[in-house]
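Structure record follows, encoded as C-alpha cells.
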Amino acid sequence: MRILSQRRCGCEHDDLYWVQHRGLLTDGHVRNLRDLVDPARCTTGTPLHAQYYTLHPPQDPGPAGPDFPAAYPTTGRRGDVFRVTRATSNFPDDDAARANRFIERHRYFVTVPWDKDHYYWDYQKLRNEYGPAELGTAKPIGMPAAPHPWCASAPDEIADLVAYLLTL
C-alpha cells in the first residue's frame, strides 16, 4: 500500500488517504478510518450501518475532499450508496442493452422505485441469499453485518484503533 498523505485536521480523528481512492482494509466505500472501525458500522440497525448497507436514495456526502475529489465522475460512486448507471437502450441487443444485462446478471444489483436511472448494490439481499447460486449450498451461508468487519469492539476504542492504523 502506498500512502499519498496524512492529514492532521484537528478533528477527533485523523484520516488517511491513499492512491486510487481505495481504503485501507476496505474497497473504498467507507469514507474515512473512523467510519471503518466504528462498531456502529458493523452493527445492524444503527444509523451508520444503514448509511452504508441499506437501500435508500443517495445523500450527497458533502463537499468533495481527498476521498471524493471534485474531478470524481458524477455518474460514479458519489453519494453514500453504491450505484451503477443504467444505460439507455433503444434496441434489444445494442451496446446499452448488453451493458444492462451484464449488471443484471450480478444478482445483487437491483432497481429501486425512486431511481430509474441506476442499479443499486443491495448488500442486505446478498446477506440473505448468498450461497446456493454461487457455491451450490443447500441454503444461504450467512454473511457478516458489514463487509470488511474490521470494527472496534466498543466506541471508546475507535481513537486508539485509528491511531494504530495510521502507523501502518
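Provide a single number: the residues in segment 141-168 that are of a type in the set (Gly, Ala, Ser) and in a helix (DSSP H, G or I).
Our first condition is that a residue be of a type in the set (Gly, Ala, Ser); within segment 141-168, this holds for 142, 145-146, 152-154, 159, 163.
Keeping just the survivors that are in a helix (DSSP H, G or I) gives 159, 163.
Of the residues in segment 141-168, 2 are of a type in the set (Gly, Ala, Ser) and in a helix (DSSP H, G or I).
Can you confirm whether Ala97 is surrounded by fewer than 16 Cβ atoms within 10 Å (Cβ to Cβ) and in a helix (DSSP H, G or I)? Explain how you work it out, then say what you get.
On the way: surrounded by fewer than 16 Cβ atoms within 10 Å (Cβ to Cβ): yes; in a helix (DSSP H, G or I): yes.
Here the answer is yes, as Ala97 does meet what is asked.
A short reminder: the numbers here are calculations on the coordinates, not readings from a lab. These numbers come from a predicted model, not from an experiment. FYI the Cβ positions are ideal-geometry reconstructions off the backbone, even for glycines, and counts take in every protein chain you see.
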